[in-house]
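The values are calculated or read from the model by the stated rules, or taken from the named source; none is laboratory data. Values in this document were obtained by computation on a predicted structure and should not be read as measured data. Cβ atoms come from the backbone with ideal geometry, glycine included; neighbour counts cover every protein chain shown. Heads up: the accessible areas ignore ligands, DNA and RNA and are worked out on the full protein's heavy atoms, side chains in. Shrake-Rupley method; radii C 1.70, N 1.55, O 1.52, S 1.80 Å.
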Amino acid sequence: MSSVLTALTDALADGSVEVVDLTARLSSETPVIQLPPEFGQTARFELEEISAYDDRGPAWYWNNFRSGEHTGTHFDAPCHWVTGRGGLDVASVPVGHLIRPAVVLDVSARVADDPDFLLEVDDITTWEQEHGPLPDGGWLLYRTGWDARSDSQERFTNADETGPHTPGMSPECARWVAEEAPVIGVGVETVGTDAGAAHSFDPPFPCHASLMGSGKYGLTQLQNLASLPPTGAVLVVGPLPIVTGSGAPARAVALVER
Ligand code: MN
(Lines give C-alpha, C1' and ligand atoms only; values in the text may rest on other atoms or scores of the structure.)
Protein backbone atom coordinates (compact mmCIF):
# COMPACT_ATOMS: atom_id res chain seq x y z
CA MET A 1 0.00 0.00 0.00
CA SER A 2 1.38 3.35 -1.00
CA SER A 3 -0.01 5.85 1.46
CA VAL A 4 1.99 8.74 -0.06
CA LEU A 5 0.47 8.33 -3.51
CA THR A 6 -3.00 7.67 -2.09
CA ALA A 7 -2.71 10.88 -0.09
CA LEU A 8 -1.67 12.70 -3.25
CA THR A 9 -4.52 11.40 -5.40
CA ASP A 10 -6.98 12.12 -2.58
CA ALA A 11 -5.65 15.67 -2.35
CA LEU A 12 -5.91 16.12 -6.11
CA ALA A 13 -9.49 14.85 -5.99
CA ASP A 14 -10.59 17.15 -3.16
CA GLY A 15 -8.68 20.18 -4.46
CA SER A 16 -6.31 20.54 -1.55
CA VAL A 17 -3.60 20.03 -4.15
CA GLU A 18 -4.24 22.07 -7.28
CA VAL A 19 -2.71 21.46 -10.69
CA VAL A 20 -1.64 24.74 -12.32
CA ASP A 21 -0.95 24.71 -16.05
CA LEU A 22 2.27 26.58 -16.83
CA THR A 23 2.17 25.89 -20.58
CA ALA A 24 1.65 28.27 -23.50
CA ARG A 25 -0.93 27.22 -26.09
CA LEU A 26 0.72 25.86 -29.25
CA SER A 27 -0.49 27.32 -32.51
CA SER A 28 0.85 29.17 -35.53
CA GLU A 29 0.46 32.32 -33.40
CA THR A 30 2.77 31.12 -30.60
CA PRO A 31 5.68 33.58 -30.40
CA VAL A 32 9.11 32.27 -31.39
CA ILE A 33 12.61 33.65 -30.94
CA GLN A 34 13.96 35.63 -33.89
CA LEU A 35 17.73 35.60 -34.34
CA PRO A 36 19.70 38.06 -36.47
CA PRO A 37 19.11 37.23 -40.15
CA GLU A 38 22.54 35.69 -40.73
CA PHE A 39 21.58 32.75 -38.46
CA GLY A 40 19.21 29.82 -39.00
CA GLN A 41 15.72 30.39 -37.63
CA THR A 42 13.41 28.20 -35.57
CA ALA A 43 10.09 27.19 -37.14
CA ARG A 44 6.77 28.40 -35.91
CA PHE A 45 4.32 25.68 -34.91
CA GLU A 46 2.28 24.51 -37.92
CA LEU A 47 -0.55 22.02 -38.34
CA GLU A 48 -1.15 20.12 -41.57
CA GLU A 49 -4.50 18.39 -41.71
CA ILE A 50 -4.39 14.73 -42.77
CA SER A 51 -8.14 14.15 -42.69
CA ALA A 52 -11.21 15.57 -40.98
CA TYR A 53 -13.98 12.94 -41.15
CA ASP A 54 -13.85 13.24 -44.94
CA ASP A 55 -12.83 11.18 -47.96
CA ARG A 56 -9.23 11.24 -46.74
CA GLY A 57 -10.38 9.46 -43.58
CA PRO A 58 -14.13 9.22 -43.10
CA ALA A 59 -14.25 8.46 -39.37
CA TRP A 60 -11.21 10.31 -38.12
CA TYR A 61 -9.58 13.71 -37.72
CA TRP A 62 -5.84 14.10 -37.34
CA ASN A 63 -2.92 16.33 -38.23
CA ASN A 64 0.77 16.32 -38.86
CA PHE A 65 2.66 19.08 -37.16
CA ARG A 66 5.91 20.89 -37.72
CA SER A 67 7.66 22.73 -34.94
CA GLY A 68 11.04 23.88 -33.78
CA GLU A 69 12.41 22.05 -30.77
CA HIS A 70 12.52 25.49 -29.13
CA THR A 71 9.00 26.65 -30.02
CA GLY A 72 6.50 27.57 -27.31
CA THR A 73 6.93 26.30 -23.77
CA HIS A 74 10.00 24.13 -24.16
CA PHE A 75 12.88 22.41 -22.43
CA ASP A 76 16.55 23.19 -23.17
CA ALA A 77 18.78 20.12 -22.86
CA PRO A 78 22.49 20.45 -22.05
CA CYS A 79 23.57 19.64 -25.62
CA HIS A 80 21.70 22.73 -26.88
CA TRP A 81 24.74 24.95 -26.30
CA VAL A 82 28.33 24.53 -27.41
CA THR A 83 29.39 24.65 -23.76
CA GLY A 84 27.31 21.48 -23.23
CA ARG A 85 28.35 19.78 -26.45
CA GLY A 86 28.36 16.03 -25.90
CA GLY A 87 26.07 16.45 -22.90
CA LEU A 88 22.59 15.01 -22.50
CA ASP A 89 20.12 15.25 -25.35
CA VAL A 90 16.49 15.77 -24.40
CA ALA A 91 15.61 12.07 -24.68
CA SER A 92 18.41 11.21 -22.25
CA VAL A 93 17.32 13.50 -19.43
CA PRO A 94 16.61 11.21 -16.47
CA VAL A 95 12.85 10.98 -15.90
CA GLY A 96 13.43 11.63 -12.21
CA HIS A 97 14.51 15.13 -13.15
CA LEU A 98 11.08 15.83 -14.64
CA ILE A 99 9.28 15.95 -11.27
CA ARG A 100 11.09 18.23 -8.88
CA PRO A 101 10.44 20.99 -6.31
CA ALA A 102 10.28 24.54 -7.62
CA VAL A 103 10.56 27.98 -6.11
CA VAL A 104 9.38 31.24 -7.64
CA LEU A 105 11.38 34.45 -7.52
CA ASP A 106 9.09 37.31 -8.55
CA VAL A 107 10.59 40.52 -9.94
CA SER A 108 7.58 41.46 -12.08
CA ALA A 109 7.20 44.83 -10.33
CA ARG A 110 10.77 45.80 -11.24
CA VAL A 111 10.50 44.51 -14.82
CA ALA A 112 7.36 46.60 -15.38
CA ASP A 113 9.57 49.73 -15.50
CA ASP A 114 12.62 48.08 -17.03
CA PRO A 115 12.19 45.43 -19.74
CA ASP A 116 15.98 44.97 -19.82
CA PHE A 117 16.02 44.07 -16.11
CA LEU A 118 18.80 41.65 -15.15
CA LEU A 119 18.65 39.47 -12.06
CA GLU A 120 21.75 39.63 -9.86
CA VAL A 121 23.17 37.18 -7.32
CA ASP A 122 22.18 39.60 -4.55
CA ASP A 123 18.53 39.33 -5.61
CA ILE A 124 18.66 35.57 -5.11
CA THR A 125 20.53 35.68 -1.79
CA THR A 126 18.09 38.33 -0.52
CA TRP A 127 15.20 36.06 -1.57
CA GLU A 128 16.88 33.15 0.25
CA GLN A 129 17.06 35.16 3.47
CA GLU A 130 13.27 35.36 3.45
CA HIS A 131 12.32 32.01 1.95
CA GLY A 132 15.22 29.67 2.64
CA PRO A 133 17.77 28.11 0.31
CA LEU A 134 17.06 27.26 -3.31
CA PRO A 135 15.83 23.65 -3.56
CA ASP A 136 18.52 21.01 -3.91
CA GLY A 137 17.86 19.29 -7.24
CA GLY A 138 14.90 21.55 -7.95
CA TRP A 139 14.04 24.48 -10.18
CA LEU A 140 14.37 28.22 -9.90
CA LEU A 141 11.36 29.73 -11.67
CA TYR A 142 11.97 33.35 -12.54
CA ARG A 143 8.77 35.40 -12.69
CA THR A 144 8.91 38.65 -14.63
CA GLY A 145 5.28 39.16 -15.66
CA TRP A 146 6.31 38.57 -19.27
CA ASP A 147 3.61 35.91 -19.73
CA ALA A 148 1.09 38.76 -20.07
CA ARG A 149 2.66 39.46 -23.48
CA SER A 150 2.52 35.89 -24.77
CA ASP A 151 -0.40 36.49 -27.13
CA SER A 152 1.70 38.79 -29.32
CA GLN A 153 4.93 38.04 -31.18
CA GLU A 154 5.71 41.77 -31.26
CA ARG A 155 5.14 42.46 -27.56
CA PHE A 156 6.71 39.16 -26.50
CA THR A 157 10.03 39.72 -28.30
CA ASN A 158 9.80 43.51 -27.72
CA ALA A 159 12.40 44.36 -30.35
CA ASP A 160 13.45 47.75 -31.69
CA GLU A 161 16.34 48.84 -33.89
CA THR A 162 18.77 47.86 -31.12
CA GLY A 163 17.38 44.32 -30.80
CA PRO A 164 15.03 42.58 -28.37
CA HIS A 165 14.39 43.99 -24.90
CA THR A 166 13.33 41.29 -22.46
CA PRO A 167 14.48 40.51 -18.90
CA GLY A 168 17.08 37.94 -17.92
CA MET A 169 20.11 37.42 -15.70
CA SER A 170 23.48 39.09 -15.52
CA PRO A 171 26.44 36.95 -16.62
CA GLU A 172 27.63 36.72 -12.99
CA CYS A 173 24.19 35.61 -11.81
CA ALA A 174 23.94 33.02 -14.57
CA ARG A 175 27.37 31.66 -13.64
CA TRP A 176 26.38 31.56 -9.96
CA VAL A 177 23.12 29.71 -10.62
CA ALA A 178 24.92 27.23 -12.86
CA GLU A 179 27.98 26.63 -10.72
CA GLU A 180 27.06 27.52 -7.12
CA ALA A 181 23.31 27.02 -6.74
CA PRO A 182 21.88 23.55 -6.03
CA VAL A 183 19.09 23.76 -8.65
CA ILE A 184 19.00 21.59 -11.78
CA GLY A 185 17.45 24.26 -13.96
CA VAL A 186 15.96 27.67 -14.49
CA GLY A 187 12.46 28.34 -15.80
CA VAL A 188 11.42 31.68 -17.31
CA GLU A 189 8.41 33.37 -18.89
CA THR A 190 10.36 34.84 -21.80
CA VAL A 191 11.24 33.30 -25.17
CA GLY A 192 14.55 32.00 -23.80
CA THR A 193 16.40 31.87 -20.51
CA ASP A 194 18.65 34.74 -21.55
CA ALA A 195 17.80 38.42 -21.68
CA GLY A 196 16.87 39.89 -25.04
CA ALA A 197 20.12 41.88 -25.10
CA ALA A 198 22.27 38.87 -24.13
CA HIS A 199 23.84 38.65 -27.58
CA SER A 200 25.96 41.65 -26.47
CA PHE A 201 26.93 40.25 -23.04
CA ASP A 202 30.31 38.79 -22.07
CA PRO A 203 30.00 35.87 -22.54
CA PRO A 204 27.13 36.11 -25.04
CA PHE A 205 23.95 34.34 -23.89
CA PRO A 206 25.38 33.66 -20.41
CA CYS A 207 22.40 31.65 -19.14
CA HIS A 208 22.68 29.21 -22.00
CA ALA A 209 26.47 29.11 -21.79
CA SER A 210 26.57 28.59 -18.02
CA LEU A 211 23.53 26.35 -17.51
CA MET A 212 24.21 24.01 -20.42
CA GLY A 213 27.92 24.00 -19.63
CA SER A 214 27.07 22.78 -16.13
CA GLY A 215 24.73 20.08 -17.41
CA LYS A 216 21.68 22.02 -16.21
CA TYR A 217 18.38 22.70 -17.95
CA GLY A 218 16.30 25.59 -19.19
CA LEU A 219 12.53 25.87 -19.38
CA THR A 220 10.94 28.77 -21.24
CA GLN A 221 7.69 30.55 -22.07
CA LEU A 222 6.08 29.51 -18.81
CA GLN A 223 2.76 31.01 -17.83
CA ASN A 224 0.78 31.40 -14.61
CA LEU A 225 3.79 31.57 -12.29
CA ALA A 226 1.72 34.18 -10.42
CA SER A 227 -0.47 31.30 -9.23
CA LEU A 228 2.43 29.56 -7.50
CA PRO A 229 3.72 30.18 -3.97
CA PRO A 230 7.34 31.30 -3.51
CA THR A 231 8.18 27.83 -2.18
CA GLY A 232 6.49 24.46 -1.95
CA ALA A 233 5.33 23.80 -5.51
CA VAL A 234 6.27 20.67 -7.46
CA LEU A 235 7.11 21.13 -11.13
CA VAL A 236 6.14 18.35 -13.52
CA VAL A 237 7.53 18.86 -17.01
CA GLY A 238 7.18 16.54 -19.99
CA PRO A 239 9.43 17.37 -22.94
CA LEU A 240 9.01 15.09 -25.97
CA PRO A 241 11.82 12.50 -25.90
CA ILE A 242 13.33 13.48 -29.25
CA VAL A 243 16.35 11.24 -29.79
CA THR A 244 19.44 13.47 -30.18
CA GLY A 245 17.18 16.50 -29.67
CA SER A 246 18.55 19.73 -28.22
CA GLY A 247 15.25 20.42 -26.52
CA ALA A 248 11.55 19.88 -27.06
CA PRO A 249 8.16 21.45 -26.65
CA ALA A 250 6.91 20.47 -23.21
CA ARG A 251 3.80 20.38 -21.10
CA ALA A 252 4.64 21.94 -17.77
CA VAL A 253 2.35 21.86 -14.75
CA ALA A 254 2.82 22.58 -11.08
CA LEU A 255 1.30 20.88 -8.06
CA VAL A 256 0.38 23.42 -5.41
CA GLU A 257 -1.06 22.87 -1.93
CA ARG A 258 -4.10 25.05 -1.27
MN1 MN B 1 15.46 27.04 -25.99
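Explain nothing, just the number: relative contact order of the stretch 1-129, from Cα pairs under 8 Å at least 6 residues apart, as a whole percent.
Values: 113 pairs, mean separation 17.5, N = 129.
The normalised contact order for the stretch 1-129 reaches 14 percent.
Among DSSP bridges having both ends in the chain, what percentage is antiparallel? Round to the nearest 5. Present the calculation step by step, with values, prior to reporting the outcome.
On the way: 30 of 44 bridges.
Counting only bridges with both partners in the chain, antiparallel ones make up about 70 percent.
Across the stretch 149-258, the relative contact order, built from alpha-carbon pairs under 8 Å that are at least six residues apart, equals 21 percent. Using C-alpha pairs under 8 Å with a sequence gap of at least 6, the mean separation divided by the residue count of the chain gives a relative contact order of 29 percent. Protection proxy ranking for 212-221, 42-51, 6-15, 183-192, using the average of other Cβ atoms within 10 Å per residue and placing the highest first: 183-192, 212-221, 42-51, 6-15. Relative protection proxy for 99-111, 140-152, from highest mean packing down: 140-152, 99-111 (other beta-carbon atoms within 10 angstrom).
Across the stretch 165-182, rounded Karplus estimates of 3J(HN,Hα) from the backbone phi angles (6.51 cos²θ - 1.76 cosθ + 1.60, θ = phi - 60°) give 10, 9, x, x, 10, 5, x, 5, 5, 4, 5, 5, 4, 6, 9, 10, 7, x Hz, Gly and Pro being marked x. Between LEU119, LEU228, SER28, the Cα set farthest toward the positive side of the dipole of the chain (charges on each charged residue's Cβ, about the Cα centre) is that of SER28. A dipole drawn for the chain from +1 and -1 charges on Cβ atoms has a positive end, and of PRO171, PHE75, ALA197 the residue lying farthest that way is PHE75. Most simply put, the stretch 178-258 has about 65% antiparallel DSSP beta bridges, counting only bridges with both residues inside it. Here the sum of -39500 (n - 2.57) over DSSP H runs of 4 or more residues, divided by the residues of the chain, equals -5000 deg cm²/dmol at 222 nm, to the nearest 500. Placing a label point 7 Å from the Cα of SER92 along the Cα-to-Cβ direction, the residues of the stretch 207-243 with a backbone N closer than 20 Å are 208-219, 238-243.
Of interest is the spacing of the C-alpha centroids, which for the stretch 172-225 and the stretch 33-107 amounts to 18 Å.
Quick check for you: with a 1.4 Å probe and neighbouring chains kept, what is the accessible area per residue of the stretch 167-208, in Å²?
Details: 1230 Å² over 42 residues.
I get 29 Å² per residue for this part.
Indicate the gyration tensor shape class of the stretch 133-240 (rounded, prolate or oblate), computed on the Cα atoms with a ≥ b ≥ c the square roots of the eigenvalues: a/c under 1.5 is rounded; otherwise a/b larger than b/c is prolate and the rest oblate. It is oblate, given that a/c is not under 1.5 and a/b is not larger than b/c.
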